[in-house]
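Engineer: This is the structure I have questions about; it appears just below.
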Amino acid sequence: MKEVAFGYLPDESFDALEDLEEAFLTSGYVSPSVVDKTLERVAAACDNKLQADSPIIVGLGDPSELWYRANPAPKDMDPWDCYTRRPPAGELEEIEAAFSGIRHHVAEGLRTAFPDTTFILAGGLEGRIAFADGGVVKLPIDYNPNVFGDSGELPGSKRQRMEALRALYALPERSKFIAYNILNIDPTEKTHQGTQVQRRLPIVTLDALLDSGNPPCLQEAVRYLKETAEGLEFLVQNGLRLTDVTLRNIAIHSNTNQALLFDFDGLRLDDAIMEAYTAAPEWWPPERRPRIREESDSVNQFMRMPLTESDVVKPRGRVEVSEMVFELGTSLSLAFERYADIPAEIAKLAAGMTEANPENRPSLKEVIAILQDAFQDPTEKDTGFGVLAL
Ligand SMILES: Nc1ncnc2c1ncn2[C@@H]1O[C@H](COP(=O)(O)OP(=O)(O)O)[C@@H](O)[C@H]1O
Ligand SMILES: [Mg+2]
(Lines give C-alpha, C1' and ligand atoms only; values in the text may rest on other atoms or scores of the structure.)
(Ligands and ions follow the chains in the order given, each with its own letter.)
Protein backbone atom coordinates (compact mmCIF):
# COMPACT_ATOMS: atom_id res chain seq x y z
CA MET A 1 0.00 0.00 0.00
CA LYS A 2 1.33 3.39 -0.86
CA GLU A 3 1.60 5.86 1.96
CA VAL A 4 -1.34 8.22 1.98
CA ALA A 5 -1.32 11.56 3.70
CA PHE A 6 -4.69 12.62 5.07
CA GLY A 7 -6.09 16.09 5.17
CA TYR A 8 -8.50 17.59 7.64
CA LEU A 9 -11.32 19.98 7.51
CA PRO A 10 -10.29 23.31 9.01
CA ASP A 11 -11.14 23.61 12.69
CA GLU A 12 -13.92 26.17 12.14
CA SER A 13 -15.88 23.62 10.16
CA PHE A 14 -16.17 21.42 13.27
CA ASP A 15 -18.47 24.04 14.81
CA ALA A 16 -20.80 23.77 11.84
CA LEU A 17 -20.82 19.97 12.05
CA GLU A 18 -21.41 20.10 15.79
CA ASP A 19 -24.37 22.44 15.28
CA LEU A 20 -25.75 19.93 12.82
CA GLU A 21 -25.48 17.17 15.44
CA GLU A 22 -27.12 19.47 17.96
CA ALA A 23 -30.02 20.09 15.59
CA PHE A 24 -30.43 16.34 15.25
CA LEU A 25 -30.40 15.89 19.02
CA THR A 26 -33.02 18.57 19.51
CA SER A 27 -35.56 17.19 17.07
CA GLY A 28 -34.33 13.74 16.02
CA TYR A 29 -34.49 15.07 12.50
CA VAL A 30 -32.56 17.53 10.37
CA SER A 31 -34.19 19.43 7.54
CA PRO A 32 -32.43 19.71 4.17
CA SER A 33 -32.04 23.45 4.71
CA VAL A 34 -30.01 22.81 7.90
CA VAL A 35 -27.77 20.44 5.97
CA ASP A 36 -27.36 23.07 3.24
CA LYS A 37 -26.55 25.74 5.80
CA THR A 38 -23.93 23.42 7.36
CA LEU A 39 -22.38 22.80 3.99
CA GLU A 40 -22.18 26.53 3.28
CA ARG A 41 -20.36 27.07 6.55
CA VAL A 42 -18.03 24.13 5.93
CA ALA A 43 -17.35 25.36 2.41
CA ALA A 44 -16.61 28.87 3.65
CA ALA A 45 -14.19 27.48 6.22
CA CYS A 46 -12.56 25.26 3.61
CA ASP A 47 -12.04 27.90 0.95
CA ASN A 48 -8.43 27.72 -0.17
CA LYS A 49 -7.55 25.42 2.71
CA LEU A 50 -8.20 22.01 1.21
CA GLN A 51 -5.45 20.15 -0.53
CA ALA A 52 -7.29 18.50 -3.35
CA ASP A 53 -4.93 15.54 -3.63
CA SER A 54 -5.24 14.22 -0.09
CA PRO A 55 -8.38 12.55 1.22
CA ILE A 56 -10.18 14.49 3.93
CA ILE A 57 -11.50 12.68 6.98
CA VAL A 58 -14.75 13.89 8.48
CA GLY A 59 -16.06 12.44 11.74
CA LEU A 60 -19.78 13.06 12.03
CA GLY A 61 -22.60 11.59 14.08
CA ASP A 62 -21.00 9.07 16.42
CA PRO A 63 -24.12 7.24 17.69
CA SER A 64 -22.82 6.57 21.19
CA GLU A 65 -21.64 10.16 21.55
CA LEU A 66 -25.06 11.35 20.41
CA TRP A 67 -26.80 8.98 22.82
CA TYR A 68 -24.82 10.21 25.84
CA ARG A 69 -25.44 13.79 24.83
CA ALA A 70 -29.17 13.10 24.54
CA ASN A 71 -29.28 11.16 27.83
CA PRO A 72 -27.09 12.91 30.37
CA ALA A 73 -26.87 11.03 33.65
CA PRO A 74 -28.81 12.51 36.58
CA LYS A 75 -26.59 14.85 38.52
CA ASP A 76 -26.81 12.81 41.72
CA MET A 77 -25.95 9.51 40.05
CA ASP A 78 -23.06 7.61 41.57
CA PRO A 79 -19.98 8.16 39.40
CA TRP A 80 -19.37 4.48 38.94
CA ASP A 81 -22.96 3.89 37.79
CA CYS A 82 -22.50 6.85 35.55
CA TYR A 83 -19.30 5.46 34.07
CA THR A 84 -20.72 2.04 33.44
CA ARG A 85 -24.04 3.22 32.06
CA ARG A 86 -24.72 1.82 28.59
CA PRO A 87 -27.38 2.64 26.03
CA PRO A 88 -30.19 0.05 26.04
CA ALA A 89 -30.06 -2.55 23.29
CA GLY A 90 -31.12 -1.25 19.93
CA GLU A 91 -30.90 2.48 20.70
CA LEU A 92 -27.53 3.02 19.07
CA GLU A 93 -28.72 1.24 15.96
CA GLU A 94 -31.77 3.52 15.91
CA ILE A 95 -29.61 6.63 16.11
CA GLU A 96 -27.29 5.26 13.45
CA ALA A 97 -30.24 4.54 11.16
CA ALA A 98 -31.57 8.05 11.64
CA PHE A 99 -28.21 9.76 11.30
CA SER A 100 -26.68 7.81 8.44
CA GLY A 101 -29.00 9.56 5.96
CA ILE A 102 -27.79 12.92 7.24
CA ARG A 103 -24.18 11.82 6.95
CA HIS A 104 -24.89 10.71 3.40
CA HIS A 105 -26.31 14.15 2.49
CA VAL A 106 -23.32 15.89 3.97
CA ALA A 107 -20.98 13.60 2.03
CA GLU A 108 -22.83 14.29 -1.21
CA GLY A 109 -22.80 18.02 -0.52
CA LEU A 110 -19.08 18.02 0.18
CA ARG A 111 -18.38 16.01 -2.94
CA THR A 112 -20.40 18.44 -5.05
CA ALA A 113 -18.75 21.50 -3.51
CA PHE A 114 -15.24 20.02 -3.77
CA PRO A 115 -15.31 17.61 -6.71
CA ASP A 116 -11.54 17.06 -6.69
CA THR A 117 -11.35 15.98 -3.07
CA THR A 118 -12.00 12.54 -1.62
CA PHE A 119 -13.95 12.59 1.62
CA ILE A 120 -14.02 9.72 4.08
CA LEU A 121 -16.99 10.16 6.37
CA ALA A 122 -16.79 8.28 9.62
CA GLY A 123 -19.36 8.00 12.37
CA GLY A 124 -19.29 6.08 15.60
CA LEU A 125 -16.45 4.74 17.64
CA GLU A 126 -16.08 1.94 15.13
CA GLY A 127 -15.85 4.81 12.70
CA ARG A 128 -12.53 5.78 14.18
CA ILE A 129 -11.46 3.12 11.80
CA ALA A 130 -12.00 3.95 8.16
CA PHE A 131 -11.17 1.36 5.55
CA ALA A 132 -9.62 3.08 2.58
CA ASP A 133 -7.38 2.09 -0.32
CA GLY A 134 -7.05 -1.44 0.99
CA GLY A 135 -5.62 -0.03 4.19
CA VAL A 136 -7.01 1.18 7.46
CA VAL A 137 -7.04 4.74 8.70
CA LYS A 138 -7.35 5.26 12.43
CA LEU A 139 -8.69 8.61 13.55
CA PRO A 140 -7.41 10.42 16.63
CA ILE A 141 -9.23 9.91 19.92
CA ASP A 142 -8.90 13.43 21.30
CA TYR A 143 -12.14 14.84 20.05
CA ASN A 144 -13.93 15.61 23.27
CA PRO A 145 -12.94 18.99 24.74
CA ASN A 146 -14.79 18.33 28.02
CA VAL A 147 -12.71 15.39 29.04
CA PHE A 148 -9.24 16.62 28.44
CA GLY A 149 -9.28 20.27 29.35
CA ASP A 150 -9.91 23.53 27.57
CA SER A 151 -7.64 22.87 24.65
CA GLY A 152 -9.60 19.80 23.66
CA GLU A 153 -6.37 17.85 23.56
CA LEU A 154 -5.25 14.94 25.59
CA PRO A 155 -1.99 16.60 26.50
CA GLY A 156 1.07 14.61 25.75
CA SER A 157 -0.69 11.36 25.00
CA LYS A 158 0.02 11.35 21.29
CA ARG A 159 3.65 12.09 21.96
CA GLN A 160 3.81 9.36 24.60
CA ARG A 161 2.15 6.85 22.27
CA MET A 162 4.47 7.80 19.45
CA GLU A 163 7.55 7.37 21.64
CA ALA A 164 6.33 3.97 22.76
CA LEU A 165 5.47 2.85 19.22
CA ARG A 166 8.90 3.96 18.01
CA ALA A 167 10.50 1.95 20.80
CA LEU A 168 8.38 -1.10 19.95
CA TYR A 169 9.17 -0.97 16.26
CA ALA A 170 12.89 -0.37 16.91
CA LEU A 171 13.30 -3.55 18.96
CA PRO A 172 15.51 -6.12 17.26
CA GLU A 173 13.15 -8.88 18.36
CA ARG A 174 9.50 -9.20 17.39
CA SER A 175 6.72 -11.01 19.18
CA LYS A 176 4.41 -13.39 17.32
CA PHE A 177 1.56 -12.03 19.39
CA ILE A 178 1.83 -8.40 18.36
CA ALA A 179 0.59 -6.93 15.10
CA TYR A 180 3.23 -4.78 13.42
CA ASN A 181 0.86 -3.20 10.95
CA ILE A 182 1.27 0.53 11.41
CA LEU A 183 2.55 2.04 8.19
CA ASN A 184 2.45 5.70 8.88
CA ILE A 185 1.61 8.05 11.72
CA ASP A 186 1.01 11.71 11.32
CA PRO A 187 3.08 12.93 14.28
CA THR A 188 1.21 16.14 14.91
CA GLU A 189 -0.18 16.63 18.40
CA LYS A 190 -2.88 19.04 17.25
CA THR A 191 -6.52 18.45 18.10
CA HIS A 192 -8.33 16.26 15.56
CA GLN A 193 -5.04 15.32 13.96
CA GLY A 194 -2.50 12.57 14.24
CA THR A 195 -3.97 9.85 12.03
CA GLN A 196 -2.51 6.37 11.76
CA VAL A 197 -2.43 4.46 8.52
CA GLN A 198 -2.31 0.69 8.98
CA ARG A 199 -2.06 -2.39 6.86
CA ARG A 200 -5.38 -4.17 6.86
CA LEU A 201 -5.17 -7.49 8.68
CA PRO A 202 -7.31 -10.61 8.24
CA ILE A 203 -8.47 -10.57 11.84
CA VAL A 204 -11.54 -11.27 13.93
CA THR A 205 -11.63 -9.75 17.38
CA LEU A 206 -12.03 -12.18 20.26
CA ASP A 207 -15.34 -10.69 21.43
CA ALA A 208 -16.79 -11.15 17.94
CA LEU A 209 -15.43 -14.68 17.71
CA LEU A 210 -16.90 -15.65 21.08
CA ASP A 211 -20.27 -14.21 20.05
CA SER A 212 -20.22 -15.85 16.65
CA GLY A 213 -22.11 -18.98 15.69
CA ASN A 214 -18.84 -20.84 15.73
CA PRO A 215 -17.05 -19.93 18.96
CA PRO A 216 -13.73 -21.54 19.86
CA CYS A 217 -13.71 -24.46 22.27
CA LEU A 218 -12.59 -23.65 25.81
CA GLN A 219 -9.13 -25.05 25.21
CA GLU A 220 -8.63 -22.79 22.23
CA ALA A 221 -9.96 -19.74 24.09
CA VAL A 222 -7.46 -20.46 26.86
CA ARG A 223 -4.68 -20.63 24.29
CA TYR A 224 -5.70 -17.26 22.80
CA LEU A 225 -5.60 -15.66 26.24
CA LYS A 226 -2.24 -17.26 26.99
CA GLU A 227 -0.88 -15.84 23.75
CA THR A 228 -2.27 -12.43 24.68
CA ALA A 229 -0.45 -12.68 28.01
CA GLU A 230 2.72 -13.57 26.10
CA GLY A 231 2.32 -10.47 23.92
CA LEU A 232 1.93 -8.37 27.07
CA GLU A 233 4.92 -10.01 28.75
CA PHE A 234 7.00 -9.23 25.66
CA LEU A 235 6.03 -5.57 25.97
CA VAL A 236 6.85 -5.49 29.68
CA GLN A 237 10.21 -7.20 29.14
CA ASN A 238 11.02 -4.48 26.65
CA GLY A 239 10.16 -1.50 28.80
CA LEU A 240 6.61 -0.99 27.55
CA ARG A 241 3.12 -0.98 29.02
CA LEU A 242 -0.28 -1.43 27.43
CA THR A 243 -3.75 -0.62 28.70
CA ASP A 244 -7.15 -1.38 27.19
CA VAL A 245 -6.60 -5.12 26.99
CA THR A 246 -10.24 -5.85 26.27
CA LEU A 247 -11.72 -8.70 24.24
CA ARG A 248 -12.34 -6.17 21.48
CA ASN A 249 -8.64 -5.46 21.36
CA ILE A 250 -7.47 -9.03 21.05
CA ALA A 251 -7.49 -10.19 17.46
CA ILE A 252 -7.33 -13.69 16.11
CA HIS A 253 -5.41 -13.85 12.86
CA SER A 254 -7.42 -15.80 10.32
CA ASN A 255 -4.38 -17.46 8.72
CA THR A 256 -2.30 -18.37 11.75
CA ASN A 257 -5.20 -18.77 14.23
CA GLN A 258 -3.09 -16.98 16.82
CA ALA A 259 -3.93 -14.11 19.12
CA LEU A 260 -2.50 -10.69 18.33
CA LEU A 261 -2.46 -7.38 20.17
CA PHE A 262 -3.29 -4.70 17.60
CA ASP A 263 -4.82 -1.62 19.27
CA PHE A 264 -1.92 0.41 20.62
CA ASP A 265 -3.64 3.62 21.66
CA GLY A 266 -2.79 2.67 25.24
CA LEU A 267 0.87 1.83 24.58
CA ARG A 268 3.34 3.70 26.77
CA LEU A 269 6.97 3.53 27.82
CA ASP A 270 7.15 2.05 31.29
CA ASP A 271 8.14 5.38 32.82
CA ALA A 272 5.51 7.45 31.04
CA ILE A 273 2.99 9.16 33.28
CA MET A 274 -0.35 8.27 31.79
CA GLU A 275 -2.68 11.23 31.88
CA ALA A 276 -5.96 9.48 31.26
CA TYR A 277 -6.68 5.83 31.64
CA THR A 278 -7.93 4.62 28.29
CA ALA A 279 -9.79 1.36 28.89
CA ALA A 280 -13.55 1.10 29.17
CA PRO A 281 -14.74 1.39 32.79
CA GLU A 282 -15.34 -2.33 33.33
CA TRP A 283 -11.65 -2.91 32.79
CA TRP A 284 -10.42 -0.18 35.12
CA PRO A 285 -8.55 -1.65 38.02
CA PRO A 286 -10.14 -0.52 41.30
CA GLU A 287 -7.08 1.55 42.15
CA ARG A 288 -7.81 3.69 39.07
CA ARG A 289 -11.51 4.07 39.68
CA PRO A 290 -12.96 7.40 40.64
CA ARG A 291 -13.99 7.50 44.28
CA ILE A 292 -14.30 11.20 44.78
CA ARG A 293 -17.16 13.06 43.33
CA GLU A 294 -16.62 16.71 44.05
CA GLU A 295 -19.16 18.80 42.23
CA SER A 296 -22.00 17.70 40.05
CA ASP A 297 -19.86 17.82 36.94
CA SER A 298 -16.95 15.81 38.22
CA VAL A 299 -17.76 13.05 35.81
CA ASN A 300 -18.30 13.76 32.20
CA GLN A 301 -21.69 12.27 31.73
CA PHE A 302 -21.54 11.71 28.08
CA MET A 303 -18.15 10.12 27.77
CA ARG A 304 -18.17 8.58 31.27
CA MET A 305 -14.70 9.89 31.98
CA PRO A 306 -13.31 11.91 34.86
CA LEU A 307 -13.17 15.59 34.09
CA THR A 308 -10.22 16.56 36.20
CA GLU A 309 -7.35 14.89 37.96
CA SER A 310 -8.90 15.33 41.37
CA ASP A 311 -11.87 13.17 40.43
CA VAL A 312 -9.94 9.96 40.47
CA VAL A 313 -7.88 8.39 43.17
CA LYS A 314 -4.97 7.72 40.85
CA PRO A 315 -5.58 9.91 37.85
CA ARG A 316 -2.04 10.00 36.58
CA GLY A 317 0.83 7.69 36.97
CA ARG A 318 2.84 4.98 35.33
CA VAL A 319 0.92 2.01 34.08
CA GLU A 320 1.67 -0.84 36.47
CA VAL A 321 2.00 -4.42 35.26
CA SER A 322 -0.59 -5.32 37.90
CA GLU A 323 -3.06 -3.09 36.06
CA MET A 324 -2.39 -4.93 32.82
CA VAL A 325 -2.96 -8.19 34.70
CA PHE A 326 -6.28 -6.86 36.02
CA GLU A 327 -7.44 -5.90 32.53
CA LEU A 328 -6.46 -9.25 31.08
CA GLY A 329 -8.15 -10.94 34.06
CA THR A 330 -11.36 -9.06 33.29
CA SER A 331 -11.18 -10.20 29.67
CA LEU A 332 -10.46 -13.72 30.82
CA SER A 333 -13.46 -13.72 33.18
CA LEU A 334 -15.76 -12.34 30.50
CA ALA A 335 -14.56 -14.91 27.97
CA PHE A 336 -14.93 -17.84 30.36
CA GLU A 337 -18.44 -16.82 31.42
CA ARG A 338 -19.51 -18.41 28.16
CA TYR A 339 -18.24 -21.87 29.00
CA ALA A 340 -19.44 -24.54 31.38
CA ASP A 341 -16.99 -26.66 33.41
CA ILE A 342 -14.15 -24.18 33.72
CA PRO A 343 -11.20 -25.96 35.35
CA ALA A 344 -10.78 -24.87 38.96
CA GLU A 345 -7.27 -23.50 38.46
CA ILE A 346 -8.51 -21.21 35.69
CA ALA A 347 -11.43 -19.93 37.74
CA LYS A 348 -8.96 -19.29 40.56
CA LEU A 349 -6.59 -17.54 38.18
CA ALA A 350 -9.32 -15.21 36.90
CA ALA A 351 -10.28 -14.34 40.47
CA GLY A 352 -6.65 -13.71 41.40
CA MET A 353 -5.99 -11.50 38.38
CA THR A 354 -8.96 -9.29 39.25
CA GLU A 355 -8.16 -9.08 42.97
CA ALA A 356 -8.86 -5.63 44.36
CA ASN A 357 -5.43 -5.44 45.93
CA PRO A 358 -2.86 -5.14 43.12
CA GLU A 359 -0.22 -6.84 45.25
CA ASN A 360 -2.26 -10.03 45.33
CA ARG A 361 -2.50 -10.33 41.57
CA PRO A 362 -0.22 -12.86 39.87
CA SER A 363 2.57 -11.79 37.53
CA LEU A 364 2.16 -12.18 33.79
CA LYS A 365 4.67 -15.04 33.88
CA GLU A 366 2.51 -16.89 36.41
CA VAL A 367 -0.57 -16.23 34.28
CA ILE A 368 1.17 -17.68 31.25
CA ALA A 369 2.34 -20.75 33.17
CA ILE A 370 -1.13 -21.51 34.55
CA LEU A 371 -2.85 -21.06 31.20
CA GLN A 372 -0.15 -23.16 29.57
CA ASP A 373 -0.64 -26.00 32.02
CA ALA A 374 -4.42 -25.84 32.13
CA PHE A 375 -4.99 -28.29 29.33
CA GLN A 376 -1.68 -29.97 29.04
CA ASP A 377 -1.82 -33.71 29.34
CA PRO A 378 0.26 -34.55 32.44
CA THR A 379 2.15 -37.18 30.47
CA GLU A 380 3.29 -34.50 28.03
CA LYS A 381 4.62 -32.20 30.73
CA ASP A 382 8.22 -31.20 30.46
CA THR A 383 10.40 -34.19 31.29
CA GLY A 384 13.64 -32.33 30.85
CA PHE A 385 14.20 -33.90 27.44
CA GLY A 386 13.63 -31.77 24.39
CA VAL A 387 11.14 -33.11 21.89
CA LEU A 388 11.87 -32.23 18.32
CA ALA A 389 8.78 -31.33 16.34
CA LEU A 390 9.23 -32.63 12.80
N1 LIG B 1 -5.36 -3.04 10.80
C2 LIG B 1 -6.61 -3.52 10.87
N3 LIG B 1 -7.03 -4.44 10.00
C4 LIG B 1 -8.30 -4.92 10.04
N5 LIG B 1 -9.22 -4.52 10.93
C6 LIG B 1 -8.88 -3.58 11.82
C7 LIG B 1 -7.55 -3.03 11.84
N8 LIG B 1 -7.48 -2.12 12.82
C9 LIG B 1 -8.71 -2.10 13.39
N10 LIG B 1 -9.54 -2.98 12.80
C11 LIG B 1 -10.95 -3.21 13.16
O12 LIG B 1 -11.50 -2.01 13.70
C13 LIG B 1 -11.90 -2.19 15.06
C14 LIG B 1 -11.46 -1.01 15.92
O15 LIG B 1 -10.05 -0.89 15.89
P16 LIG B 1 -9.18 -0.42 17.12
O17 LIG B 1 -7.77 -0.24 16.67
O18 LIG B 1 -9.40 -1.34 18.27
O19 LIG B 1 -9.81 1.01 17.41
P20 LIG B 1 -10.34 1.69 18.76
O21 LIG B 1 -9.15 2.36 19.35
O22 LIG B 1 -11.38 2.61 18.30
O23 LIG B 1 -10.82 0.59 19.66
C24 LIG B 1 -11.25 -3.49 15.51
O25 LIG B 1 -12.07 -4.16 16.40
C26 LIG B 1 -11.03 -4.27 14.24
O27 LIG B 1 -12.14 -5.11 13.99
MG1 LIG C 1 -9.90 -1.01 20.19
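Engineer: Inside the stretch 233-272, can you point out the residues that are of a type in the set (Asp, Glu) and under 12 Å from Ile178 (Cβ atoms)?
Structural biologist: Glu233, Asp263
Engineer: May I ask you to list the residues in the stretch 236-252 that are away from ligand 2 (no atom under 16 Å from the Cβ) and either crowded, with 23+ Cβ neighbours inside 10 Å or in contact (Cβ under 8 Å) with a residue 12 or more places away in the chain (or both)?
Structural biologist: Hits for the stretch 236-252 are Val236, Asn238, Gly239, Leu240, Arg241.
Engineer: When residues of the stretch 175-214 are filtered for being loosely packed, with under 15 Cβ neighbours inside 10 Å, small (Gly, Ala, Ser) and assigned to a loop (DSSP other than H, G, I, E, B), how many remain?
Structural biologist: 2
Engineer: Report, by residue number, each residue of the stretch 75-98 that is part of a loop (DSSP other than H, G, I, E, B) and modelled with pLDDT under 75.
Structural biologist: Those that are part of a loop (DSSP other than H, G, I, E, B) and modelled with pLDDT under 75: Lys75, Asp76, Met77, Asp78.
Engineer: Further question on the same structure: Please enumerate the residues belonging to the stretch 57-105 that are under 20 Å from Glu40 (Cα atoms) and touching a strand residue (DSSP E or B) at 6+ places or on another chain (Cβ under 7 Å).
Structural biologist: Those that are under 20 Å from Glu40 (Cα atoms) and touching a strand residue (DSSP E or B) at 6+ places or on another chain (Cβ under 7 Å): Ile57, Val58, Gly59, Leu60, Arg103.
Engineer: Among what's in the stretch 226-255 and is part of a loop (DSSP other than H, G, I, E, B) and closer than 19 Å to Val136 by Cβ, pick the residue that is farthest from ligand 1 (Cβ to nearest atom).
Structural biologist: Among residues in the stretch 226-255 that are part of a loop (DSSP other than H, G, I, E, B) and closer than 19 Å to Val136 by Cβ, the one farthest from ligand 1 (Cβ to nearest atom) is Asn255.
Engineer: May I ask you to verify whether Ala52 is of a type outside the set (Asp, Glu), loosely packed, with under 12 Cβ neighbours inside 10 Å, out of contact with any helix residue (DSSP H, G or I) (no Cβ under 8 Å at 6 or more places or on another chain) and at pLDDT 80 or above?
Structural biologist: Criteria not met by Ala52.
Engineer: Hey, another quick one. For the stretch 5-26, how many residues are assigned to a helix (DSSP H, G or I), more than 13 Å from Thr38 (Cα to Cα) and at pLDDT below 90?
Structural biologist: 1
Engineer: Within the stretch 228-253, track down each residue that is charged (D, E, K, R) and closer than 18 Å to Glu366 by Cα.
Structural biologist: Glu230, Glu233, Arg241
Engineer: Which residue pairs have Cβ atoms under 8 Å apart, sit 6 or more places apart or on different chains, and have a first residue in the stretch 264-278 that is away from ligand 2 (no atom under 15 Å from the Cβ) and a second that is at pLDDT below 75 and among the charged types (D, E, K, R)?
Structural biologist: Once the first residue is away from ligand 2 (no atom under 15 Å from the Cβ) and sits in the stretch 264-278, its partners that are at pLDDT below 75 and among the charged types (D, E, K, R) give Ile273/Arg316; Met274/Arg316; Glu275/Arg316.
The values are calculated or read from the model by the stated rules, or taken from the named source; none is laboratory data. Note that the structure is predicted; figures quoted are calculated from it, not measured. As a convention, Cβ positions derive from the backbone with ideal geometry for all residues, glycine included, and neighbour counts pool all protein chains shown.
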